[in-house]
Structures are given as structure tokens and as C-alpha cells.
Amino acid sequence: MSSEIIKVPDIGGSDDVEIIEIAVSVGDVISAEDTMITLESDKASMDVPAPKGGKVVKILVKEGDTVSEGDDILELEAEGEGEDEPEASSDDDASDDAAPQDDAESQEKDEPEKAAPKKKSSGGGKRTVEVKVPDIGGGDGVEIIEVAVSEGDEISEEDTLITLESDKASMDVPSPYSGKIVSLSIKEGDSVSEGDLIGTMEIAGEGDDTEDDAPAADDAEAPGADDGADTDEDSADEEGDDEDADDSAGGRQEIRVPDIGGSEGVEIIEVAISEGDEIDKEDTLITLESDKASMDVPSPVKGKVVELAVKEGDSVSEGDLIGYVEVAGQSGGKKKAAKTGGDASKSGSKAPKSEARKDGAKKDDAKASADSRAQRQPSGEPSPEAREKHGDDKTAGAHVHAGPAVRKLARELGVDLGEVKGSGPKGRILKDDVDGFVKQVMKARKNGGASAPAAASGGAGIPQVPAIDFSQFGEIEEKPMSRLMKAGANNLHRSWLNVPHVTQFDEADITELEAFRKSMKAEAESQGAKLTPLPFMIKACAYALRKFPQFNSSLHPDGDKLIVKHYVHIGVAVDTPDGLMVPVIRDADKKSLIDLAKESVELAKKAQNKKLSREEMSGASFTISSLGSIGGTAFTPIVNTPEVAILGVSKSSMKPVWNGSEFEPRLMLPLSLSYDHRAVNGADAARFTAFLAQVLTDIRRMLV
Ligand code: CAO
């Protein structure tokens, strides 16, 4: 055994790609194809597999580092070189390090369809090279949703040439060269497979190296090419086994989580199948989402789901049982655990990688991991698609078209692409659209702030009220809203949007109350209080709130409990020239009528004179809004969230009321109780309002 430094292989010519995960530790014994590190650029993410097995002696990088082709990754004490991975080592041995791309000969032989060129020694002339579709994870006939270049364009290596999109993922195909686009052989809407000609490029400085260059042009290889090991017998055998599992083995087959790029404990965000479902090969079984990516796990077989071993929210790792599928196979006898990733490669639905792997890896393993990597690739934001596919309301009806770079940006900004309108061809979402969306949300949020609340605009999918130039209809004048009005409008708007409002109407016969009030008016005045109907309302409400504590509560932010307050602090809406204010009468249930009358007048005055302290305006558990002195027969007040109810009081009026034998003139007071229907149901609201009316009809009830 000898130790050697394992280096970053050809990663499609990308430089300074970030290591987002280190999958091995010192002392680990790893096999060829085990993921060592995961890289992520704005175009793709990729696992870098070990070119051979052995023991990790030293790790030479850390998470967050950026690496380029040829950089050291780790020191590996190789186990039995040339025994375990003959196909890998035969080529690799020729070079000192493990970066297999250094072996031009083997590439030429094994990887005729490369998309990412080797680095060439610079020559003086120019040459025209063909650029072909790289390894796209085995996908066939994947649609080109965007052609990002035109003939004559001067582009740099890694610039996006085309963007492909399947039903499971999307990928940008980067240019393997810097140079000029001479011709394009594809157009938007075409379907392409690995090796298809994208076009030709004139590239500089390599014209003197015809022998090497020819393959390099063809070489244009991409990411994740797993073809270097095609000749490996073991691989062929194993792949054969997979085929058996998929196609000819009948009976009950285990379905297990495929290679998911070495990630452990990845959450299942959706189970797309149920027991009894008939599924086709490649149908999505589950959708996984980690903090790095999300992926649909397709079925490797066609058959009937007979047992499910997972549920939404479970965390799974490679090899975990998903369930069992009854497969109507030819042989009926062979039962093999079907690794979902095996077939995924044939689906054409994978997101290809943009890294080049010329490592001559075992085909089956490479394929499996390539598949899973391919699925991981879409920058963690394919879930809108997945969700849309499975009926998520956010994106229902709108297929999301966006490239990986856009998806990555969206993920970083926390943008649900399902909410973004694409301005690109065929509604494709561009970076500018994501930027614009964020700006719009921020603007709406700002407008929703205290500074400009009344802007009845946008955000959260609420259609905007069109801005109209009213001067076209006549003379106008703009009057700035006071800070108070804006703050009040903001609160009302927030409550209106958040609270499912219902208003319960009732009438209280206050004939006796009014007689009593009038009889007490002078006495109250002598004590410095103005006895209007309002203090009676406050007193009666405080009493009713003690009887119905549900109305003296707030909904817990988690939405699954009520916070019931053991204090009764009643807010009173006061109309002021600057806007609405709601001073709070604390412990209203413990105060006399006269005290309530005094305090409400005092607070109303303070409100009008802008003298209310913050404390005097906070802590209400219920609010009364009285328009009784103005008029109206009823109204629908807006709940002063986070309270759950508000009582609106309108103007009392004499009405003929049937007493059982005749109509009697009675003074009736209209009550309008608006409530948060999440916290209060209709029957309780009716009981509360009826009780309140009873108490106001006969205030002696409060003594009982
Ligand atoms: N029916 C008939 N008359 C009524 C009445 C009612 N429901 N409520 C009050 N009145 C009478 C009073 O008795 C008083 O008459 P008298 O002087 O003859 O006794 C007169 O109307 C004026 O009352 P008031 O306005 O001085 O006192 P109040 O206690 O009724 O109200 C206050 C105080 C601060 C609530 C009130 O001034 C106010 O600002 N109301 C507006 C609240 C508001 O804007 N709500 C809407 C918010 S949005 O939901």
C-alpha cells in the first residue's frame, strides 16, 4: 500500500468552485466512487467521487474552500492498487495523481463525447471545434428551453450555451471553450441527447496541436461522464443485474433509496405514491429535500405498490427501504433490491451535471451516483416543480421554467419560483425576474409599513389596485396622510388580511338603562363625569368578557391554542382629527360606572390632544368602537388584532317592539360584534352578543 494525493478532477473547466460538503473523515475506508466532496457552482452541483478505494489519511480541504481542477483534496492510502478498480487504476496509474483527466489517451478511447475540454497547451493559430451535448445524466431527448448564444458571439469558457429542462430538473450547458460561435446546430424547442452537436466554435491558441485537439473538440465532455469504464466487466455485470431487477425480475421487489450523493438523513417532503397505486418505471416515488438540493426519486420498476415503508417528514439515507412493488416480471423468480437511482439514469429526467469526470469509474456505480447527483443538481429549488406536479397550490397550473443559476438565486433569496412571472422565452424565469420579484415584495412590504400603509398594493399575490391619474377627470389635490392615519391604516389592513372576520348583529333594549343614565347624569357630573351610554357599554362588556373568556383572548402565533387573559383591559376607539386612536381602560371589570365614565372622557381628551402615552394605548384585550353619537344602524368594525373581537355600537333609536300583546316603544341599541372566526365560532358569538344585550337591557344582572 502506498499513499497518494487525490486531486480535483476535470470539473468542466470551472475554476474556484466551492466545496459545500466534505463527505469523508480521516480514517474512513472508502471505495472507488464514494463521494469525497460536493462542489457547487452557480451552474450545477456535483459530487466528486474517489477514483479508487482506500483509507483516508489526511483531508487537505475544508468546507467553504474553493477549488479548481488539479487541486489537492485528500491523501489516500490506496488499497491493493490495480486489484479493486482495474479499470480506474489502469488509466490512473499512468499519472501520479488521481485526477484521471490527465490521461489523454484513455479519454480519447473511452470518452468520445466530451463537452469539457482538457486544458491544452497554447498554440498560435485558430481552429474550429465541435461542441456537443455533454453527459446529461443519461437523459435522452431533453428539451432545449433556451439558446443563450448566437452565431458570431464571442463567449468565455463556462458561459451558458443552452439550457435544458426535463420534467425533473434543468441545467445550463456551459461552453467548454472561450471563443467565437461559428455555427449553431440547434434551436430552442429541440430535444437533444448526449453527444448531439450544439454547434461549432472558433477557438484561439490551440491550432498547433492537431492530434490532441481533435479529440479535445470531440472531447467536449461534461460533467459526470461515466463512460470511461464502459469496458469494465464487473460494471457490466452489475448493470446487468440492475436490468434484471428492473425488467425481468417479477414478484415483490424492495425499493430502496438510491445513492443520494452521500447525503444522510434527507427529509422526505413528499410521498407521491400510495399503497395500491399502479406505477410506471420512472414515476416519482418520493421527493427528498435537503438544505442543498431537492430531488424526485423515480421508480426503477413498473408495478403495483404493495407496501410503503416511509411517510412524509421521514429522513432517509441511501439504501433505506421506501417500500415494495409487485412487479409482473418474466422470470418471476429473481428478487432483487431495486435501487431507484439505477434507472433514473435512463429517464432523461435528470439534471445533468456540468462537471467533467474522466475518471474511468465503474459504470454502474458511477451511473448510480451520477444519477443521484444529477437529481441533486437543480440548486435546491426544483421543489416548486415537484410541488406543482403533485398539486401544490402555490404553483398549481404553472410549470416553472428556470435554469439552475436562477434556481440557486431564488433559493438563496428564499423566493418561491412558482410566484415569479417569467419574462424569458416561453415564460422562462430569468435572474432579472427574480430580482424584480424581490424588489416588488420589498416595496410592497415597505408600503405595508407605517410609512405608507394605505398603498393598497401587491405582495402575496394580491392584485394591485391600478394607479389612476384622477386629474384627467377634474381638479384634484394631494393631502398627505398623518403618521397616525398611516399607522392606523396599516393595522387595519393587516387585520383585514389576516383575520377571517364575521360580524354578529343584535339589539339591546336600553330603555331602562337610558332612564337610569339620565337620572344619574347630574350626580355623575357633580363627580366630574359625563355619563354617556359608553361607560355602560364598557361595564357590560367587561362583565360579559368574564363570563365568556374566549372573547378576552388572543390566538397563539402557532395557531393551535388560545391565550386567555385573566385581565380585562378594554380599548375604546376615539376619533381624532389626526386619525383613530385606541386608549385602553385597564381592569375595566373592577371599576365603577363613574370611574369608567371619567376615565373614558379623560383618555378621549388625551387622544384628541395627542397626549396619550404608549402604555395608555397598549394591552387591550377587547375593543369597543362607538359611533352612537354620530348615527348609523350597524357597521362591521375590524378586529383590533391580536384581540379576537370588537364591539361596534351604533345610535340607539326608538322602535316598536312586540311585547306579546302589543307593540311598545322601546329604545333599541344596535350592537355589531366582529370576531376572528379562527378563535370564536358563530354560536358563541351569538351567545355573547345576546348576553350583552340582556345585561344592557337590565343592568341589575351585573349584580347577580
Ligand atoms: N346612541 C345614542 N346616543 C348616543 C350613543 C348611542 N349609542 N352614544 C352616545 N350618544 C350620545 C351621548 O349620550 C351624548 O349625548 P348627550 O350629551 O345628550 O348625553 C352624545 O351622543 C355625544 O357623546 P360623546 O361622543 O360625547 O361621548 P361617547 O361616550 O358616546 O363617545 C367617544 C366618546 C370618544 C367614543 C367618541 O367621542 C368617539 O370618538 N367616537 C368615535 C369612535 C370611532 O371613530 N369609531 C370608529 C372606529 S372604526 O371602527
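Values quoted throughout were computed directly from the atomic coordinates according to the rules given, and no laboratory measurement underlies them. Note that the structure is a prediction, hence the values are computed from the model and not measured. Here the Cβ is made from the backbone with ideal geometry for all residues, glycine too, and neighbour counts use every protein chain on show.
For segment 513-620, the gyration tensor built on C-alpha atoms gives an oblate shape. Its axis ratio a/c (a ≥ b ≥ c) is at least 1.5, and a/b is not larger than b/c. Using the average count of surrounding beta-carbon atoms within 10 Å as a protection proxy, the listed peptides 485-491, 522-528, 21-27 rank, highest first, as 485-491, 21-27, 522-528. In terms of other Cβ atoms within 10 Å, 702, 46, 201, 668 run from fewest to most in the order 702, 668, 201, 46.
What does the C-alpha gyration tensor say about the overall shape of segment 552-605? Classify as rounded when a/c is under 1.5, otherwise prolate if a/b is larger than b/c, or oblate. Verdict is oblate for segment 552-605. Amide H to amide H distances under 5 Å link residue 252 with 327, where only residues 5 or more positions off or on other chains count and H is placed in the peptide plane. Summarising the amide proton neighbourhood of residue 621: residues at separation of 5 or more, or on other chains, whose placed amide H is nearer than 5 Å comprise 569, 570, 571. Here each label is just a point 7 Å from Cα along the line to Cβ, and for residue 126 and residue 527 those points are 10.0 nm apart.
In summary, the convex hull built on the alpha carbon positions of segment 615-704 has an orientation-averaged projected area of 7.9 nm². Taking a Cβ cut-off of under 10 Å around residue 283, the surrounding Lys, Arg, Asp and Glu residues balance to a net charge of -3, with basic ones at +1 and acidic ones at -1. Where Lys and Arg each count +1 and Asp and Glu each count -1, what net charge lies around residue 56 among other residues with Cβ under 9 Å from its Cβ? Net of charged neighbours comes to -1. Of the residues 163, 697, 633, the one with the fewest other Cβ atoms within 10 Å heads the list, and the complete ranking is 633, 697, 163. Applying 1/(1 + (r/R0)^6) with r as the Cβ-Cβ distance of residue 60 and residue 183 and R0 = 51 angstrom yields a FRET efficiency of 0.75. Sorting 553, 2, 674 from the fewest to the most surrounding beta carbons within 10 angstrom yields 2, 553, 674. Pull out a ≥ b ≥ c, the square roots of the eigenvalues of the alpha-carbon gyration tensor of segment 484-703, then state rounded if a/c is under 1.5, prolate if not and a/b is larger than b/c, and oblate in the remaining case. Oblate shape, in that a/c is at least 1.5 and b/c is the bigger or equal ratio.
Amide H to amide H, with H built 1.01 Å from N, residue 162 comes under 5 Å of 148, 173, counting only residues 5 or more places away or on other chains.
For residue 465 and residue 252, the FRET efficiency from 1/(1 + (r/R0)^6), where r spans their Cβ atoms and R0 equals 45 Å, is about 0.15.
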